[in-house]
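J.: Pasting in a structure now, in structure tokens, and then I'll have a few things to ask.
The values are calculated or read from the model by the stated rules, or taken from the named source; none is laboratory data. What you see is a predicted model; the values in this text were computed from it and never measured. Cβ atoms come from the backbone with ideal geometry, glycine included; neighbour counts cover every protein chain shown.
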Amino acid sequence: MEEKKTGVILLAAGKGTRMHSRVQKQYMLLNGRPLLYYAAAAFEQSPVQDIILVTGEQEIDVCRRGITEKYGFNKIKRIIPGGAERYHSVYEGLKELQRLGYGKGDYVLIHDGARPLVDGEIIRRVMEDAYRYHACAAGMPSKDTIKQADRNGFAENTPDRRFLWNIQTPQGFSFPLIMEAYEKMMSCEEYQQGVTDDAMVAERMAGCRVKLTEGAYQNMKVTTPEDITVAEALLHSRLS
Ligand code: CTP
Ligand code: MG
């Protein structure tokens with residue numbers, strides 16, 4: 001793969017409210033290591049150059065000692081505080097990359113720290129599609145039939161499953177493209193309504209075509225308590 005300057009924004013500034021845990025979700029131990037360790041390790045071992053870790057203001061120190069220093073992750077160049085919504089945290093990461101000199105001709109991958117099962121193969125596919133199409137998002141075709149409901153909870157229609165994808169991260173972009181899209185979105189509150197991922201920002205603000213890149217069914221997001229058991233089992237089986 002052709003090498004292009006590529007940074008990663010690794011997100012861990014969420015509150016983890018759906019986990020209902022004492023320890024913050026990103027620092028819960030999975031098979032003895034913090035949840036956030038796994039995604040950080042995958043990117044550390046990948047061809048990307050720089051990682052910006054975005055976490056809560058109060059967790060910056062814990063993160064430096066418990067992740068960066070403990071595991072010797074040299075690519076984590078900055079640990080910065082995020083914002084109230086996920087897109088605020090992403091924007092902080094983009095601005096930090098800009099301060100590190102990212103601009104024209106460079107690329108960025110944006111990843112949820114809550115997806116510990118990302119691996120080198122997924123990262124490689126997302127990097128390749130980002131270089132080729134300038135905007136892409138990892139995902140997998142939906143295994144379930146998906147119905148659109150009306151306001152009363154009745155099925156309204158059933159879109160063709162062949163064209164429905166469950167979207168994951170990493171998502172990869174040309175740096176100037178996603179930076180401009182984010183700047184436009186941040187300039188107007190109306191644009192921020194209902195934004196749930198970065199591909200949506202590229203679609204809405206830059207009118208950009210986003211390539212859907214093969215992720216993996218196991219690249220799950222750890223969200224609720226039962227996800228812990230599944231993620232631990234998947235991480236365990238990956239070792240063998
Ligand atoms: N995230 C973030 N900044 C926010 C909100 C979310 O960096 N203001 C990150 C989370 O840390 C996580 C990813 O975005 O890695 C996906 O978010 P989600 O799974 O929803 O995590 P939380 O927002 O922490 O959980 P919840 O929605 O249950 O509170
Ligand atoms: Mg959330």
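J.: Let me spell it out: the conditions are (1) over 23 Å from Glu183 (Cβ atoms); (2) in a loop (DSSP other than H, G, I, E, B), and Gly105 meets all of them except one. Which number is the exception?
T.: If we test Gly105 against (1) over 23 Å from Glu183 (Cβ atoms); (2) in a loop (DSSP other than H, G, I, E, B), just (1) comes out false.
J.: Still on this model: Residues that are without any contact (Cβ under 8 Å) to a residue 12 or more places away in the chain and among the β-branched types (Val, Ile, Thr), at least 2 per element: which helices (runs of 4 or more DSSP H) completely within region 146-240 meet that? Walk me through it before giving the result.
T.: Values: elements: 175-186, 198-206, 225-239.
Ranges flagged: 225-239.
J.: Which of the residues spanning region 21-58 are modelled with pLDDT of 95 or more, assigned to a loop (DSSP other than H, G, I, E, B), within 16 Å of ligand 1 (Cβ to nearest atom) and not aliphatic (A, V, I, L, M)?
T.: Gly56, the sole residue that qualifies.
J.: While we're looking at this one, here's another question. Pairs please, first residue from region 14-25 and over 17 Å from Glu57 (Cβ atoms), second anywhere and in a loop (DSSP other than H, G, I, E, B), Cβ atoms under 8 Å, 6+ apart in sequence or on different chains.
T.: Every condition considered, the pairs that remain are Arg18/Thr223; Arg18/Thr224; Met19/Met28; Met19/Val222; Met19/Thr223; Met19/Thr224; Ser21/Met28.
J.: I've got another one for you. In region 198-214, which residues are acidic (Asp, Glu) and touching a strand residue (DSSP E or B) at 6+ places or on another chain (Cβ under 6 Å)?
T.: Answer for region 198-214, where residues must be acidic (Asp, Glu) and touching a strand residue (DSSP E or B) at 6+ places or on another chain (Cβ under 6 Å): just Asp198.
J.: Answer with yes or no whether Gly14 is surrounded by 22 or more Cβ atoms within 10 Å (Cβ to Cβ), more than 23 Å from Pro225 (Cβ to Cβ) and within 16 Å of the chain's Cα centre (by Cα).
T.: Considered against the rule, which asks whether it is surrounded by 22 or more Cβ atoms within 10 Å (Cβ to Cβ), more than 23 Å from Pro225 (Cβ to Cβ) and within 16 Å of the chain's Cα centre (by Cα), Gly14 comes out as no.
J.: Cβ contacts < 8 Å: first residue within 14 Å of Asp50 (Cβ to Cβ) and part of a strand (DSSP E or B), restricted to region 75-96; second residue small (Gly, Ala, Ser) and within 10 Å of ligand 1 (Cβ to nearest atom), any location; separation 6+ or different chain. Result?
T.: Ile80/Gly93
J.: Search region 199-235 for residues being surrounded by fewer than 21 Cβ atoms within 10 Å (Cβ to Cβ) and within 16 Å of ligand 2 (Cβ to nearest atom), and hand back the single one that is nearest to the chain's Cα centre (by Cα).
T.: Among those residues, the one meeting the criterion is Lys221.
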